[in-house]
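*Asks:* Structure below; questions to follow.
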Amino acid sequence: MPKIRAEKKKRVHNEIAKQGILFNKDFGQHILKNPIIITSMLEKAGLRPTDVCLEIGPGTGNMTVKLLEQVKKVIACEIDTRLVAELQKRVQGTPLQSKLQILVGDVLKTELPFFDICVANIPYQISSPLVFKLLLHRPFCRCAILMFQLEFAQRLVAKPGDKLYCRLSVNTQLLARVHMLMKVGKNNFRPPPKVESAVVRIEPINPPPPIPYTEWDGLTRIAFTRKNKTLGSAFRQTAVVAMLEKNYKLHCSLNNKIM
Ligand code: SAH
């Protein structure tokens, strides 16, 4: 066996021996190993004993067991069947077992049941679709306390004029109040990710503003096409003008209006 491959194999073996399980980077598996961070996320969530809590990507269950001690029920959605088995093993035969419901599969493709609150250290690659899935879920949840990649978190909470203010900031803040809660360093995870992390509180605005969301999204897409462009020049681009004209004609014909 070539030397490099042999070394990689040895490294992988060491990882398995150390952790009992080989974490899969494709699923964004970075387990929160620092119990202080977990406790502090749970404190900030303001959990009630009557709550149904949704956890996305419970992994080996470090946060799940703490959630189970504080709420009525935890619904945990996990894509990796090996980790589902780990989690089941962890609660089996304990009083926590009956409070845990596991949904096996991709959270983005799963129809979520009712939940009061969502607390999770999520796989970062699904951050954006997940935020909107949670915000568009009905009935509304009270809030979501989520761990994200630091830069994503900064974009979520950015205000007009900030360097990172973007379509994500506008669209999220249209539907929710967002607050940065704490920054979390890489070494609190196993294996450590390449990026820094942060926890954000997302509270859906109920009722949401009466805005046709698809049209709004089309508007922000044009407004944020290029960073240092004025709105005037964004809306004067040939392709944009042509699209607006086409939409206007369609609108007129649908509403029996003469142009
Ligand atoms: N919450 C755990 C693990 C976080 S790692 C902890 O903090 O220790 C991210 C977890 O999300 C992994 O368990 C991974 O398998 C799971 N995951 C990745 N993609 C997913 C998806 N699309 N749907 C549900 N779970 C997913």
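*Asks:* Return the residues of segment 234-248 that are assigned to a helix (DSSP H, G or I) and surrounded by 12 or more Cβ atoms within 10 Å (Cβ to Cβ); say none if nothing qualifies.
*Replies:* Across segment 234-248, the qualifying residues are 234, 235, 240, 243, 244, 247, 248.
*Asks:* Here's something else I'd like to know. Would you check if residue 250 is of a type in the set (A, V, I, L, M) and more than 30 Å from residue 60 (Cβ to Cβ)?
*Replies:* So residue 250 passes the test.
This table checks each residue for (1) more than 10 Å from the ligand (Cβ to nearest atom); (2) touching a residue at least 40 places away in the same chain (Cβ under 8 Å); (3) of a type in the set (D, E, K, R); (4) in a strand (DSSP E or B).
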residue: 22; (1), (2), (3), (4): yes, no, no, no
residue: 26; (1), (2), (3), (4): no, no, yes, no
residue: 29; (1), (2), (3), (4): no, yes, no, no
residue: 37; (1), (2), (3), (4): no, yes, no, no
residue: 40; (1), (2), (3), (4): yes, yes, no, no
residue: 44; (1), (2), (3), (4): yes, yes, yes, no
residue: 48; (1), (2), (3), (4): yes, yes, yes, no
residue: 53; (1), (2), (3), (4): yes, yes, no, yes
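*Asks:* Okay, next question. Could you list, in sequence order, all residues of segment 171-187 that are among the aliphatic types (A, V, I, L, M) and either surrounded by fewer than 19 Cβ atoms within 10 Å (Cβ to Cβ) or closer than 17 Å to residue 44 by Cβ (or both)?
*Replies:* If the condition is that a residue be among the aliphatic types (A, V, I, L, M) and either surrounded by fewer than 19 Cβ atoms within 10 Å (Cβ to Cβ) or closer than 17 Å to residue 44 by Cβ (or both), then 174, 176, 178, 180, 181, 182, 184 are the ones that fit.
*Asks:* Here's another thing I want to ask about it. Before we move on, is residue 195 under 22 Å from residue 44 (Cα atoms) and hydrophobic (A, V, I, L, M, F, W, C)?
*Replies:* Judged against the criteria, residue 195 is not a match.
*Asks:* A follow-up question, please. I want to confirm something. Restricting to segment 14-44 and keeping residues that are small (Gly, Ala, Ser) and exposed (fewer than 14 other Cβ atoms within 10 Å of the Cβ), which single residue is modelled with the highest pLDDT?
*Replies:* Among those residues, the one meeting the criterion is 20.
*Asks:* Exposed (fewer than 13 other Cβ atoms within 10 Å of the Cβ), within 22 Å of the chain's Cα centre (by Cα) and either in contact (Cβ under 8 Å) with a residue 24 or more places away in the chain or in a loop (DSSP other than H, G, I, E, B) (or both): is that true of residue 257 in this structure?
*Replies:* no
The values are calculated or read from the model by the stated rules, or taken from the named source; none is laboratory data. This is a predicted model, so every value here is computed, not measured. Note: ideal-geometry Cβ built from the backbone for every residue, glycine included; neighbour counts use all protein chains shown.
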